[in-house]
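A.B. asks: Dropping the structure in here first, questions after.
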Amino acid sequence: MQPLIWDRRPDGLRAPALVCAFKGWNDAGDAASSAVSFLAASLGARPFAHIDPEEFFDFQANRPMIRLSPQDKREIVWPTVEIFEAPAPRAPRDLVLVQGVEPSMRWKTFTASIVDLAEALGVQVVVTLGALLGDVPHTRPVAMTGHTSDPSLSERLELQPSSYEGPTGIVGVLHAACANAGLPSASLWAAVPHYVAAATNPKAALALLRRLEGLIGVSVDVSELESAAADYERQVGLAVQSDPDIQAFVERLERAAESEEEEIAPEDVPSGDMLAREFQRFLRQRGADGK
């Protein structure tokens with residue numbers, strides 16, 4: 001059985017771009033997956049294929065869920081990766097969107113299935129979205145890095161090239177698989193403040209969408225996401241102000257962002273667990289006050 005399962009074949013896709021994001025290691029603050037979900041909702045995306053999870057997921061790490069149907073019948077919902085068509089009639093191209101949970105195993109086979117999908121649909125460019133935790137303040141514009149198979153494209157998008165070396169996720173493996181297949185590709189990454197890692201980050205999702213628009217030429221109304229990003233920055237600001245130690249640390253990050261010279265000693269960085277606890281405590285208090 002082939003892992004890529006077609007429910008139907010989309011017709012009439014115009015110069016399609018394939019955009020994908022995966023929940024998990026590649027998705028700090030749910031920024032990448034939120035960006036693709038917002039894009040799908042804005043364009044009225046419709047599913048047309050999925051990848052059979054049996055070969056790729058550890059079901060103890062990503063457990064299936066039990067849900068009740070409208071007829072009160074118990075159903076098993078398996079973790080999977082779904083594929084959508086998203087026509088964009090006012091743009092020069094249509095989109096194919098890939099979203100789901102990062103697979104646990106057989107990444108070479110998995111990425112080969114995505115490449116096969118792209119080639120079958122005549123995809124012209126593949127864009128992977130990711131988000132990483134970094135020593136960045138929430139008050140500054142979202143730092144973006146990335147790389148493409150076309151150096152001139154990096155210059156046009158004003159992307160800061162990544163010098164990262166180390167472990168990678170399915171996003172990095174897929175980008176390499178596209179390059180090996182001769183399929184034009186780009187990978188966009190947003191930096192998320194590590195001291196609010198537990199919170200969904202609409203500001204980073206918005207930054208990814210805006211950079212994606214410059215790459216593929218498809219834009220959507222992001223006013224709702226802009227409002228969510230402003231609210232996120234306001235709420236995080238209030239949380240930071242409630243703790244002098246965290247506030248002092250964020251101020252150091254802001255100075256470092258401005259000068260790019262100040263180094264932050266590891267012993268000065270509050271632990272991620274402590275920051276997460278403080279942030280969650282603040283949100284609970286705000287909820288109890290009805291604000």
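A.B. asks: Which one, Thr148, Gly130, Val115, is farthest towards the positive end of the dipole of the stretch 98-157 when Lys and Arg carry +1 and Asp and Glu -1 on their Cβ?
C.D. replies: Ranked along the dipole, the leading option is Gly130.
A.B. asks: Under a 1.4 Å probe, what is the accessible area of the stretch 43-90 per residue, stated in Å²?
C.D. replies: I get 68 Å² per residue for the stretch 43-90.
A.B. asks: Moving on. Taking amide H atoms as placed 1.01 Å from N in the peptide plane, list the residues 5 or more away in sequence, or in a different chain, whose amide H sits under 5 Å from that of Val81.
C.D. replies: Ile51
A.B. asks: Roughly how many debye, to the nearest 20, is the charge dipole of the stretch 53-152 about its Cα centre, given +1 on each Lys and Arg Cβ, -1 on each Asp and Glu Cβ, and no other charges?
C.D. replies: With only Lys, Arg, Asp and Glu charged at Cβ, the dipole is about 280 debye.
A.B. asks: Net charge around Thr80, counting only other residues with Cβ within less than 15 Å of its Cβ (Lys, Arg = +1; Asp, Glu = -1)?
C.D. replies: My count for the surroundings of Thr80 gives -4.
A.B. asks: Report, to the nearest whole %, how much of the accessible area of the stretch 78-149 belongs to carbon and sulfur atoms, 1.4 Å probe, protein only. Mind dumping the intermediate values first?
C.D. replies: On the way: 1660 of 2950 Å².
Carbon and sulfur together cover 56 percent of it.
A.B. asks: Got a sec? Charge dipole of the stretch 5-109, +1 on Cβ for Lys and Arg, -1 for Asp and Glu; which of Ser42, Val77, Ala31 is way out at the positive end?
C.D. replies: Positive-most Cα among the choices belongs to Ser42.
A.B. asks: Quick one: which residues, 5 or more positions from Val127 or on another chain, have an amide H under 5 Å from its amide H? H modelled 1.01 Å from N in the peptide plane, none for Pro or chain starts.
C.D. replies: Residues meeting the criterion, in which the H sits 1.01 Å from N, are Leu18, Val19, Cys20, Ala186.
The values are calculated or read from the model by the stated rules, or taken from the named source; none is laboratory data. Everything numeric here is computed off the predicted structure, so don't read it as measured data. Ideal geometry is used to build each Cβ from the backbone, glycine not excepted, and the neighbour counts take in all protein chains shown. We work out accessible area using only protein heavy atoms, side chains counted, and drop any ligands, DNA or RNA first. Shrake-Rupley method; radii C 1.70, N 1.55, O 1.52, S 1.80 Å.
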